[in-house]
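The values are calculated or read from the model by the stated rules, or taken from the named source; none is laboratory data. Fair warning: this is a prediction, and the values are worked out from it, not measured in the lab. Here the Cβ positions follow ideal geometry from the backbone for every residue, glycine too, while neighbour counts run over all protein chains shown.
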């Protein structure tokens, strides 16, 4: 079956614009995670969903970041009023259930804020 | 702050040698540990996971876990140039994984 997909693969935007990043998890996976990875850095946890609920939003860097998940499937990460420091690769992962289980990663969206 | 620590490297080993990658974690409540491999410009892919103290072998890879010392390691035997990548260690924390910053491995011919 298909893996995790993300779109767009690359996004270049101007400072102050809003962007939406999309993640389509593996079918049947109830847990969905968003991470951010800056150049040469590790994975920074942003938020995770169990179904359509987000029990842990602790990693969202500011109130400019928000995410939603609908139908227990597709998730959208929205960054409002983008700043240059938001430039990074945004990775989405899904797992069958939350917790200590294997997470399968999508290819990521490379965001560049000019 | 729950943390997973790794030496950033690079760790350079000759082809055919054993590469040893190490990781420590701070949360004694963590039960599951994962090693992911990330090639440059690509997303992470799972190499191995381990839940129990001791060793777990899968082909050329062996994961080792010592919960008393809060230490996880990954051994790669007969290292190949294709093993050159960044290796990320992760520990579970409630319903998510906490990742280390990764160790860059370079295997030279």
If you scan the range B:55-109, which residues turn out to be closer than 18 Å to residue B:45 by Cβ, outside any strand (DSSP E or B) and within 14 Å of chain A (Cβ to nearest Cβ)?
B:100, B:101, B:102
For residues in the range B:6-30 being exposed (fewer than 14 other Cβ atoms within 10 Å of the Cβ) and under 28 Å from residue A:99 (Cβ atoms), which is farthest from the other protein chains (Cβ to nearest Cβ)?
B:28
Has the range A:22-36 got at least one residue that is farther than 20 Å from residue B:97 by Cβ, more than 8 Å from chain B (Cβ to nearest Cβ) and at pLDDT 95 or above?
yes
Can you tell me which residue within the range B:39-50, out of those that are part of a strand (DSSP E or B) and more than 9 Å from chain A (Cβ to nearest Cβ), is surrounded by the fewest Cβ atoms within 10 Å (Cβ to Cβ)?
B:48
Residue B:36: within 14 Å of chain A (Cβ to nearest Cβ), at pLDDT below 95, closer than 16 Å to residue A:95 by Cβ and touching a strand residue (DSSP E or B) at 6+ places or on another chain (Cβ under 9 Å), yes or no?
no
Exactly one of (1) under 19 Å from residue B:99 (Cβ atoms); (2) assigned to a loop (DSSP other than H, G, I, E, B); (3) under 14 Å from the mean Cα position of the chain (by Cα) is unmet by residue A:67. Its number?
(2)
Any chance residue A:103 is within 24 Å of residue B:104 (Cα to Cα), over 15 Å from the mean Cα position of the chain (by Cα), within 12 Å of chain B (Cβ to nearest Cβ) and at pLDDT below 95
no
Looking only at residues in the range A:45-59 that are under 13 Å from the mean Cα position of the chain (by Cα) and surrounded by fewer than 18 Cβ atoms within 10 Å (Cβ to Cβ), which one is farthest from residue A:29 (Cα to Cα)?
A:59
